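Let me begin by presenting the structure, written as structure tokens, before commenting on it.
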Amino acid sequence: MQQLARQLTILFPFLLSLLSVAQTSSPLSYPEGKRGDQVDDYHGTKVADPYRWLEDTDSSDTHAWVEAENKLTFAYLDKISYRQAIHNRLTKLWNYERFSSPEQEGGRYFFEHNNGLQNQNVLLVSESLNAEPRELFDPNKLSTDGTVALSATAFSDDGKLMAYGIATSGSDWNEWHVRDVDTGKDLPDDLKWVKFSGASWTKDNKGFYYSRYDEPTGATMRDTNYFQKLYYHRLGVKQSEDKLIYERPDNKEMLFGGGVSDDGHYLIIHVSQGTSPNTRVYYKDLTQPDSQVVKLLDDFDARYSFIDNDGPIFWFETNLDAPRGRVLAIDTRHPERANWKTVVRQGPDKLEFVAIVNNSFLLGYLKDARTEVRVHDLSGKFLRNVDLPGIGTAVGFAGKRKDKETFYAFTSFISPTTIYRYDPVAGKSSIFRQPKVDFDASRYETKQVFYTSKDGTRVPMFLTYKKGITLDGQNPTLLYAYGGFDISMTPAFSVPNVVWLEMGGVYAQPNLRGGGEYGEQWHLAGTKLKKQNVFDDFIAAAEWLIANKYTSTPKLAVRGRSNGGLLIGAVLTQRPDLFGVTLPEVGVMDMLRFHKFTIGWAWTSDYGSSDDPAEFKAIYAYSPLHNLKPGTKYPPTLIATSDHDDRVVPGHSFKLAATIQADQAGPAPVLIRIETKAGHGAGKSITKLIDETADTWAFVAHNLDMKVALQ
């Protein structure tokens, strides 16, 4: 029977898709979730929360509900005949060799590698640029299912030691160890309760700075995280004896990132508060053993990112009086603002990153969400542009002031990530590693369009599709966006999206307000009391695609993750008539309680808080969970979350699913897919990614009535 089904998939995809529709169109019987009588009072407004019990992910009731929901979801997906064909194509396409940009320390080159279908990348080290690399760390050996990931690395200045963080089941909690690069063996050092932190070695290679929390006393997956502290760990010393460098018992929300300057003279402490783009910068003179921490920039009035220093002269990238960014020099001997000097002025494009290599600034800009890189000397004078391979995204360009080379990764929607070596002396790039992918990019094209949002704002959007498509409104289209936290959505190669293109789909990616594509003003225009602008921008993108006949409502799927999951949840409630399928994934759905879990409090800089009366009113007006209405015909919806998501806790998606299933008046399915032994997304294994994507594309294709015929 299975052999016959496979033959039919190849010979008669249209017939099989009709059979699939018949199999899955019968009404679904959703698990019965008990309704509690919880009611909260927000500034005089009574708000019911009948599924509050689903916030407790450890309870037997929640476990039973999760099991029943997954049983229903996978029974539905199992009946979609071409789901396996999609899975097969994803597996074949993902099976290509991939590299990261090399990092050089002590004459050695460190980079990640994946031979194709390894669940996690393997860290390699090479003694020279062209020497045969050897394995330094393989996280795949730490688990049988790929659920242990290498989350971060830091190499000593001589290239002989590596501090590294390990994350299990997608958790934000990391455990840090130290490995001898020559022997490949670990030292006894073991650091726990590390979260939202990297590591930075001292120049004597005897220890490093890192940040951590006190050991939690409650539910580590749900409890709030406050009072992070900055420590110095000396090799061979127990973590309990690590030296506390800085803490702020007067401000539980401060987060600390300690980095040693390249000359080894200073410890630079970046101080953030939640996800606010504004920062503070402190420093400590490491040449003086008993030196105190100096509060260099403590007004919390702008973003300040330390670039490098020339003795006591510190260079910063900042958006102070420059919402699109500039380079600033501060003499720490005379730190008064009157003495600050602008080295590179703000330009028309968003300044995204700055590095110093070969005694020159390498400045990465976003021009309508596409990367441009420009070279300036240390006085700020423009020298040249870096010739990039095309329209896309370039990241990397790391290095030290005297380095004569650097590396960067370049990608676009149809170009897999290629690693380039850049010679700053000659001003030329050369290919270092180029992948070979089973995908014919010449059959597809990307273009950028601009559309008008509800209030007249001009918004850019990238469109990628097969050349020669007919604009008849019948093209299956996936609209994906984010719109928040100053994050820029730029072109990038994605195996799932490439398979979507091969399935005949159009991929659309708008750059909504709330993101960082045009600087801080663009970001702020999509925050707090102005968050509705983000949803209006997204709805306008959908309406533009329909008006210009790229697609139509029955052929339009919308997708977003995390803050983007909130986006999909909000537009689902505001315009359920506009979309053919909605995919809200790991989203912030209960906007009244998000700040009560893990690091959720940090997001109030973008969202505001229900504790504030004015902000409560704005949040309550769009909170996905609280704007679902009984008796509404919602489009086919597949909610996604993970049981170990300790960033956006799964209770958000659980409560949304239970509510929308109870409110659904139409025949369209509303399902939730709950991944096990996974977190918010970082470090997810290739196996899980393939399974998740195959399920998602099968659900979309089935509900958009697509005719799936993959090679």
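Coordinate-derived values only; no laboratory data. Bear in mind that the values here come from a model prediction, so they are computed numbers and not experimental data. Don't worry about glycine lacking a Cβ; one is built from the backbone with ideal geometry, like all the others, and counts go over all protein chains shown.
Details
- Helix axis angle, 83-94 relative to the chain longest principal axis, alpha carbon, degrees: 20
- Degrees separating the helix 651-663 axis from the principal Cα axis of the chain, which is the longest one: 20
- Once the mean of 1/r is taken over each pair of separate Cα atoms and inverted, region 348-436 shows a Kirkwood hydrodynamic radius of 13.2 Å.
- Crossing angle, helix 13-24 versus the chain [Cα axis fit, 0-90 degrees, rounded to tens]: 80
- Phi angles across region 349-364 convert, under the Karplus curve 6.51 cos²θ - 1.76 cosθ + 1.60 with θ = phi - 60°, into 3J(HN,Hα) values of 10, 6, 7, 9, 7, 9, 9, 10, 9, 6, 6, 9, 7, 10, 10, x Hz, Gly and Pro given as x.
- Positive-pole candidate from N359, A369, F382, dipole of region 341-422, charges at beta carbon: N359
- Given R0 = 56 Å, the distance between the Cβ atoms of I469 and V425 translates into a calculated FRET efficiency of 0.80.
- Under 5 Å, built H, 5+ apart or other chain: amide partners of K367: E372
- Global form of region 89-135, assessed from the alpha-carbon gyration tensor, a/c cut-off 1.5: prolate
- Region 285-347-region 500-526 distance, computed between alpha-carbon centres (Å): 31
- Phi to ³J(HN,Hα) by Karplus 6.51 cos²θ - 1.76 cosθ + 1.60 over region 190-206, Hz, x for Gly, Pro: 9, 10, 10, 6, 9, 8, 6, 8, x, 9, 9, 6, 6, 6, 7, 6, 9
- Region 634-663-region 81-146 distance, computed between alpha-carbon centres (Å): 32
- Debye intensity ratio in log₁₀ form over the Cα atoms of region 423-563, taken at each q of 0.17, 0.20 Å⁻¹: -0.95, -1.16
- Subtracting the Cα-Cα distance of K206 and N385 from 0.36 nm times their residue separation leaves 60.5 nm of extension gain.
- Note on K341: aspartates and glutamates with a C-alpha under 17 Å away, same-chain residues under 8 apart excluded, are D308, D310, E317, D321, D331, D377.
- The convex hull around the C-alpha trace of region 293-380, projected and averaged over every direction, spans 6.0 square nanometres.
- Cα pair distances of the chain binned at 20 Å [whole percent]: 16, 52, 30, 3, 0
- Near Y30, no amide H atom lies under 5 Å from its own; only residues 5 or more places off or on other chains count, and H is placed 1.01 Å from N.
- For region 274-283, 3J(HN,Hα) per residue [Karplus equation, 6.51 cos²θ - 1.76 cosθ + 1.60, θ = phi - 60°, Hz, x = Gly/Pro]: x, 9, 4, x, 6, 9, 10, 9, 10, 8
- Database remark: amide H of V386 closer than 5 angstrom to the amide H of V373, R374, V375 (H placed geometrically; neighbours at sequence offset of 5 or more, or on other chains; Pro and chain starts carry no H).
- Model label sites at D377 and Q292, defined 7 Å from Cα along the beta-carbon direction, differ in position by 4.1 nm.
- Gain in span if fully extended, K34 to N548, counting 0.36 nm per residue against the direct Cα distance: 180.5 nm
- Fully extending the segment from S143 to E175, taken as 0.36 nm per residue of separation minus the present Cα-Cα distance, adds 10.0 nm.
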